[in-house]
């Protein structure tokens, strides 16, 4: 079975500061992919970043980077220079090679303040 | 424009009625998914399909049914057996190439009245 755990129900960060959203995962499959999505209040799901289990380097996409620590089974999302528009729910998800189903965590609500 | 379309955006259902949520994609994706989201909660997988005429139960399939007769379409029926169907339903699709992200529809908000 595969599982994602997000232990931070809510986070606050000041504008222009960096913030780290935690994600740990559990799978026995050596081949897997980790995804982060953003969900604004409108409800749409916006893909942010992807990390493969065999990728040697941490993924980066603009202001988003993924701190991938394979031995600890963690895939934390780092948002640099936070903006007011970053206020949203953030979900971590895993897709394994054998299960072929995309499983999400419970999410973290990020609030960016002035 | 390629994308994934869910309809309707809002749906009201009387208790005891079945209702079908539509999900159509023109991205030529093989895999499609249905998720349920309750207020302030994460996404829970209802059903998923990797190929036409085949689908698997997710974590909360009871009270739901699906079909996959065409690659583009993956409708979800919420049956009267679903005890608490009021929720936000999201459909997604992805290529079968490992590592590609899933694309989501805009969602359907179902309310039982």
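Please report Rg over Rh for region A:1-101, where both radii come from the alpha carbon positions and Rh follows the Kirkwood definition.
Working: Rg = 13.5 Å, Rh = 14.0 Å.
That ratio equals 0.96.
Largest first and in whole Å, give the semi-axes of region B:1-57's equivalent ellipsoid, each being the square root of 5 times a Cα gyration tensor eigenvalue.
Computed over region B:1-57, the values are 22, 15, 14 Å.
Measuring from centroid to centroid over Cα atoms, what is the spacing of region A:23-41 and region A:85-107 in Å?
Using only Cα atoms to place each centre, the spacing works out to 5 Å.
Based on the mean of other Cβ atoms within 10 Å per residue, sort peptides B:23-29, A:69-75 so the most packed one is first.
B:23-29, A:69-75
Points 7 angstrom from Cα along the Cβ direction at residue B:60 and residue A:98: gap in nanometres?
Going by the 7 Å Cα→Cβ label model, 2.6 nm.
Could you give me D for the protein assembly as shown, from Stokes-Einstein at 4 °C and 1.567 mPa s, where the hydrodynamic radius is the Kirkwood radius over C-alpha pairs? Units µm² s⁻¹, please.
Values: Rh = 18.1 Å.
Reported coefficient: 72 µm²/s.
How far is it, in nm, from the label point at residue A:72 to the one at residue B:30 when both lie 7 Å from their Cα along the line to the Cβ?
It is 3.6 nm.
Using the Kirkwood radius over C-alpha pairs as Rh, can you work out the diffusion coefficient of chain B via Stokes-Einstein at 10 °C, viscosity 1.306 mPa s, in µm² per second?
In µm²/s, the coefficient rounds to 114.
So what is the diffusion coefficient of region B:55-113 in µm² per second by Stokes-Einstein at 20 °C and 1.002 mPa s, using a Kirkwood Rh over Cα pairs?
The estimated diffusion coefficient comes to 162 µm²/s.
Say each of residue A:11 and residue B:52 gets a label point 7 Å from the Cα, pointing the same way as Cα to Cβ; how far apart are those two points in nm?
Roughly 4.3 nm, to one decimal.
Round to the nearest 0.05 the FRET efficiency obtained for residue B:80 and residue A:80 when R0 = 41 Å and r is the Cβ-Cβ distance.
0.25
Quick check on the exposure proxy: order B:13, B:36 from fewest to most C-beta atoms within 10 angstrom.
B:13, B:36
Every number here is computed from the coordinates shown, using simple stated rules; none is lab data. Predicted model only: the values in this text are computed from it and were never measured. Cβ coordinates were reconstructed from backbone atoms using ideal geometry, including for glycine residues, and neighbour counts include every protein chain displayed.
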